[in-house]
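Q: Take a look at this one; I'll ask things after.
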Amino acid sequence: MVWPTEGDVKLGEFNAMELPGQQLTASHAYTPLDHVLNLDINASPACQRLTGIIATMGRATYDLEVLEKMIASGMNMALLNLNFGTKDDHLEAIKLLRLAAKNYSTAVGRNYPLAIGIKLSGQKIRTGIIADSYGEAVELKTGETVRLTTDETYKDRCSTYTIYVDFMHFADQVHKSDYVLLDNETIMLKVEVISATTLTCNIERGGFLGSCKDVFVPNVSFDMPNYSDRDKEYIAIAISNQLDVIVAPYSLNAITELRSIMGEKGKKIAIVANIQTIEGFRNLDDILAEVNGIMITRQELGSDITPKKLVVAQKNMIARANKANIPVCISAHLLSSMRNKRVPLRSELLDIANCILDGADALVLSAETAVGEYPIDTVVCLAAACKEAEACIWSKQLFHDFVDKTPIPCDQATGTAIAAVLAAQRSIAAAIIVVTSSGKSAQVVSKFRPRCPIIAVTRYGPIARQMHLWRGIMPLIYEGTPDIDWHVDLNKRVTFCTTWAMERGFVRVGDPLIIISGWRQGSGYTNSMRIMYAEADVTM
């Protein structure tokens, strides 16, 4: 989920006895009160961030230099939001991202596994385009009346009197007195009169409305296809371009249908369910059994369950995902103020910290990077905020909680992971190195939330890129020639990781390292854990 960045402080800059990010007294406390009482405000955060950063692409990022700097600052995954932009825009973005990753890899001397994902529109309803005569936006004034219509005559000439809605059966499935929310709840309308293609609404809360804004009706599930023809076209593009992740809105049978559309060619692409309705919350356990990850989109979810219940929903869903060891990403309004300011609001920094303390694996930047004025500064800010919050995690208790929730008897990979994380805690290890083919062993280690990075070394690029979804995993691609002798090959990979970690400055000579591997080559044989110490004369 993470990688070293240009802004990271190196361990060599600290005194040999200093342990940045450990907060030992607090993290090993016996009660919640003692944990908080012993947090040291003067203690330095860890050198390495453990929470992933997913940045949404847009016009602010369609520049090679900007993308390279975002990667260098901490972007682990780039997300293409298909609600915006054209097919050509997205294809060009994929090319730019791959070139930026290649250039950054050359600069740092290692193959950087930048993940690329797409976010499908699914059952998303949007307004039309504002007429040229009105400029970029129209003002809808509180107390006045406006018409919502599915008549395509108004598709590209919306006005203060008539707004086009792109779902043809919208008027059939909305009822009188329903509320319609536009542009992330900025504008609220109440339905007064319904005809065949038009809803006449009273403007309960006015505002300025631009082109192609989202339309949401609380507590209404629309009978519409899970995936439009446009979605299916983009799914084919994701497969042909070998993308890593598809974020798909959850609805009944949507995930099963998506896997059917993807077919055999797309089976290796990770599916992340976008939870944005009360239906998704209620069916979360079933969703977790089907997908590779979830994304909690707080804007739409808050509209459906009311904002005051959002805090309960977020904490509950994160805990359920953590228990199932399914990575969870949090989206919406993390650093909204940084769209046009270099300095975030204090409340935003506290929100970020709360997400991390709740157990989020990754945080998603949306408009902040897609159309914001300072996409690089936003990534830098988020990376720094994550480190400070991670130092406040009560890792000892978290570890015991997850161990208690582990079914007995556990499999050998889980037993090895538990032993490794406990060993890392007691030896204050600088890193856990996992030699993995499929990535599964590293994912299991991530579940038990070690305080140190998990360096997951694999030969497979797609596996490395998808491991960015899990908290604390630092994927590393080993490109050396395989050795016939498994133990020789294993030692080469461990040496490769150790050398890299020391070069990047988060492992010092003499630091403990936990090594997890299998007794033989291949997937499914992980059963060994050992402790070693970083040596000065490490050679490949």
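The values are calculated or read from the model by the stated rules, or taken from the named source; none is laboratory data. On a predicted model such as this, the values are computed, not experimentally measured, just so you know. Using ideal geometry, Cβ is built from the backbone for each residue, glycine included, and neighbour counts are taken over all protein chains shown. Quick note on the areas: whole protein, heavy atoms, side chains included, nothing else; ligands and nucleic acids left out. Shrake-Rupley method; radii C 1.70, N 1.55, O 1.52, S 1.80 Å.
Q: Just need a number here: residues in region 122-147 that are open to solvent by less than 20 Å² (accessible area, probe 1.4 Å) and under 27 Å from LYS232 (Cβ atoms).
A: Result for region 122-147: 4.
Q: Can you find a residue in region 202-209 that is assigned to a loop (DSSP other than H, G, I, E, B), outside the structural domain of LEU97 (by the TED database) and surrounded by 16 or more Cβ atoms within 10 Å (Cβ to Cβ)?
A: Yes, that holds for at least one residue.
Q: Separate question: Identify all residues within region 148-161 that are without any contact (Cβ under 8 Å) to a residue 40 or more places away in the chain and surrounded by fewer than 18 Cβ atoms within 10 Å (Cβ to Cβ); write none if there are none.
A: Within region 148-161, GLU152, THR153, LYS155, ASP156, ARG157, SER159, THR160, TYR161 meet the criteria.
Q: Contact list please: Cβ distance under 6 Å, first residue in region 238-256 and without any contact (Cβ under 8 Å) to a residue 24 or more places away in the chain, second residue hydroxyl-bearing (Ser, Thr, Tyr) and part of a loop (DSSP other than H, G, I, E, B), pairs at least six apart or on different chains.
A: Listed by first residue and then by second, the contacts come to nothing, as the list is empty.
Q: Let me ask another. Determine which single condition ALA420 fails, assuming it passes every other condition in (1) part of a loop (DSSP other than H, G, I, E, B); (2) closer than 28 Å to GLY510 by Cα; (3) over 21 Å from the mean Cα position of the chain (by Cα).
A: (1)
Q: Filter region 220-251 down to the residues that are touching a strand residue (DSSP E or B) at 6+ places or on another chain (Cβ under 9 Å), closer than 26 Å to ASP183 by Cβ and in a loop (DSSP other than H, G, I, E, B) and list them by number.
A: PHE222, MET224, ASN226, TYR227, TYR250, listed by residue number.
Q: Would you check which residues across region 367-414 are outside any helix (DSSP H, G or I) and not β-branched (Val, Ile, Thr) and list them?
A: GLY372, GLU373, TYR374, ALA391, CYS392, TRP394, LYS405, PRO407, PRO409, CYS410, ASP411
Q: What number of residues within region 104-121 are open to solvent by less than 30 Å² (accessible area, probe 1.4 Å) and either in a helix (DSSP H, G or I) or at pLDDT below 90 (or both)?
A: Number satisfying all stated conditions: 3.
Q: Another one. Considering LYS315, LYS341, LYS267, LYS308, which residue is open to solvent by 20 Å² or more (accessible area, probe 1.4 Å) and within 19 Å of the chain's Cα centre (by Cα)? So that I can check it myself, show each step before the final result.
A: Values: LYS341 fails: within 19 Å of the chain's Cα centre (by Cα); LYS267 fails: within 19 Å of the chain's Cα centre (by Cα); LYS308 fails: within 19 Å of the chain's Cα centre (by Cα).
Within the list LYS315, LYS341, LYS267, LYS308, the selection yields LYS315.
Q: Could you check, for region 186-200, whether at least one of its residues is open to solvent by 70 Å² or more (accessible area, probe 1.4 Å) and of a type in the set (Asp, Glu)?
A: Yes, there is a match, as at least one residue in region 186-200 is open to solvent by 70 Å² or more (accessible area, probe 1.4 Å) and of a type in the set (Asp, Glu).
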